[in-house]
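Some notes on the structure that comes next.
The values are calculated or read from the model by the stated rules, or taken from the named source; none is laboratory data. All of these numbers come straight from a predicted model, not from anything done at the bench. Methodologically, a virtual Cβ is constructed for each residue, glycine included, from the backbone with ideal geometry; neighbour enumeration extends over all protein chains shown.
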Amino acid sequence: MFEGKTFLDILHLGGSTMYVLLLCSLVSITIFLERMFYYRKQSRADRRDFIARLGDAIAAKNPEKAKEIAKETQAPWARVVEAGLNEYGRSEKLMNGAMERKIIDETRNLERFTGIVGTIGNIGVYIGLLGTVLGIVRAFHDIAAAGSGGISTVIDGVAEALVCTAAGLFVAIPAVIFFNYFTRRVEFFSDDMQACASELLCLLEEK
């Protein structure tokens, strides 16, 4: 049925719904690439090495050095530690509160745009089904208007309409995979931030 047809011809067969799905696919892929680059940039530092250097600075009673180590390290958990060190010399409650607020801010940055991909994964199939229903209605309307048409005409119309369902699955499945990946990465970052906040408080108690 699609032999000899170009990509644009297939898009035209599905109607306007196909263009909506194409836009959703482009948005999903763009966000995936942007988040991949962002996560990779945020995970270059080694957390164990960071904590070891931080511990040495705190053991030497040099909080300024500890702040410098946290500031020069590009990672969400380092910024959490820096927020805590900015409250150095004050109560543990204030330090812990500052780090908790920073964890919330960093988590929001990590989750940025990911909700859009999750939405595309949820509604992609339904958009495709909508296009299929509209295509079937259009096919029967054309047959009724022409006043003729056998089973082959109906089958051709339905087959063309089902292109939207296939396209919806093609958009939704990768989007769901992307969203699950994002969720898992954010969980890893969140665990690291919580661990670093706890380790900082332990190091300060031992000094």
>> Whether any residue in the stretch 108-119 is basic (Lys, Arg), in a helix (DSSP H, G or I) and within 25 Å of Asn180 (Cα to Cα) is what I want to check.
In response: yes
> Just a yes or no: is a residue in the stretch 79-86 within 14 Å of Leu200 (Cα to Cα) and surrounded by fewer than 19 Cβ atoms within 10 Å (Cβ to Cβ)?
Replying inline: yes
> Looking only at the stretch 87-114, which residues are of a type in the set (Gly, Ala, Ser) and surrounded by 14 or more Cβ atoms within 10 Å (Cβ to Cβ)?
Replying inline: Gly97, Ala98
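A quick yes/no check of all residues on (1) more than 30 Å from Lys71 (Cα to Cα); (2) at pLDDT 85 or above; (3) touching a strand residue (DSSP E or B) at 6+ places or on another chain (Cβ under 8 Å):
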{"position": "Ile103", "(1), (2), (3)": "no, yes, no"}
{"position": "Arg108", "(1), (2), (3)": "no, yes, no"}
{"position": "Glu111", "(1), (2), (3)": "no, yes, no"}
{"position": "Val117", "(1), (2), (3)": "yes, yes, no"}
{"position": "Ile123", "(1), (2), (3)": "yes, yes, no"}
{"position": "Leu130", "(1), (2), (3)": "yes, yes, no"}
{"position": "Leu134", "(1), (2), (3)": "yes, no, no"}
{"position": "Ile151", "(1), (2), (3)": "yes, no, no"}
{"position": "Ile155", "(1), (2), (3)": "yes, no, no"}
